[in-house]
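First the structure, then my questions, so here it is.
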Amino acid sequence: MRKKFKKAKPKEDQSKNFPANKQIRAKIVFLIDENQEKAGEVQTSEALAKAEGVGLDLVEVSPKTTPPVAKILDLGKWKYEMKKKAHKQKLQQKKMETKGIRLSIRISKHDFDVRVNQAIKFLKQGNKLKIELTLKGRERQRPEKAKEIINSFVESIQDIRELDIKIEQPLTKQGSKYIIVLLKQ
């Protein structure tokens, strides 16, 4: 028997949120003309006639006010600028990644130092840091040793004066793993 899959829904267009021309339901609108000058409260039919006279569109930019605010502008150009603005805002958002560092009970001093340096690098970049230590086999009998190693790791990171570290998630045990999450304030 074949499975039927649902088709992906198309993304909503920004213009659906802003009715234009004949889609405007209000009888009276507060009109802003093509020169960005306030024309005041006008009948919608009169505003449409002005927009058609200039060869532009009448767009309801603020439908929730009383009366709704409508502008005379080029709809295609305006949509393009809105998309461009949204894209620019999306690029400016800082995406915070969670970087992970794994430790073990039998870690050597050099490996420990390398991981401390890597953790500092991750935190300076503005990422979250997830430190985990997994206990295997007979190591499970020494949970205090695991806590000691993780605490010494966190202390060695906090010794760096440039970094102001905040513990987002305190040391927790999940099965045979010990996990702590840090981030830079």
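The values are calculated or read from the model by the stated rules, or taken from the named source; none is laboratory data. Source: prediction; values computed, not measured. Heads up, the Cβs are rebuilt from the backbone with ideal geometry, glycines too, and the neighbour counts pull from every protein chain shown.
List pairs: first residue in segment 84-95 and of a type in the set (K, R), second residue surrounded by 10 or more Cβ atoms within 10 Å (Cβ to Cβ) and assigned to a loop (DSSP other than H, G, I, E, B) anywhere in the structure, Cβ distance under 7 angstrom, at least six positions apart or on different chains.
Qualifying pairs under 7 Å: K94/G126.
Mind counting the residues in segment 154-185 that are touching a strand residue (DSSP E or B) at 6+ places or on another chain (Cβ under 7 Å) and assigned to a strand (DSSP E or B)? First the steps, then the outcome.
Narrowing segment 154-185 to residues touching a strand residue (DSSP E or B) at 6+ places or on another chain (Cβ under 7 Å): 154, 157-158, 163-172, 176-185.
Now restrict to residues that are assigned to a strand (DSSP E or B): 165-172, 177-184.
Adding up the residues that qualify gives 16.
Sticking with this structure for a sec: Among the candidates I107, I28, single out the residue that is touching a Pro at 6+ places or on another chain (Cβ under 6 Å) and either free of Cβ contacts under 8 Å to residues at least 60 places away in the same chain or within 30 Å of A119 (Cα to Cα) (or both).
The conditions single out I28.
State all residues of segment 123-153 that are surrounded by 15 or more Cβ atoms within 10 Å (Cβ to Cβ) and assigned to a loop (DSSP other than H, G, I, E, B); if no residue qualifies, say none.
Once the filter is applied, which keeps residues that are surrounded by 15 or more Cβ atoms within 10 Å (Cβ to Cβ) and assigned to a loop (DSSP other than H, G, I, E, B), segment 123-153 yields N127, L135.
When segment 43-67 is examined, which residues are found to be among the small types (G, A, S) and either farther than 15 Å from Q23 by Cβ or surrounded by 13 or more Cβ atoms within 10 Å (Cβ to Cβ) (or both)?
Listed by number, the residues that qualify are A47, A49, A51, G53, G55, S62.
Evaluate the following for E139: is it more than 29 Å from the chain's Cα centre (by Cα), outside the structural domain of N21 (by TED's automatic domain parsing) and not hydroxyl-bearing (S, T, Y)?
Judged against the criteria, E139 is a match.
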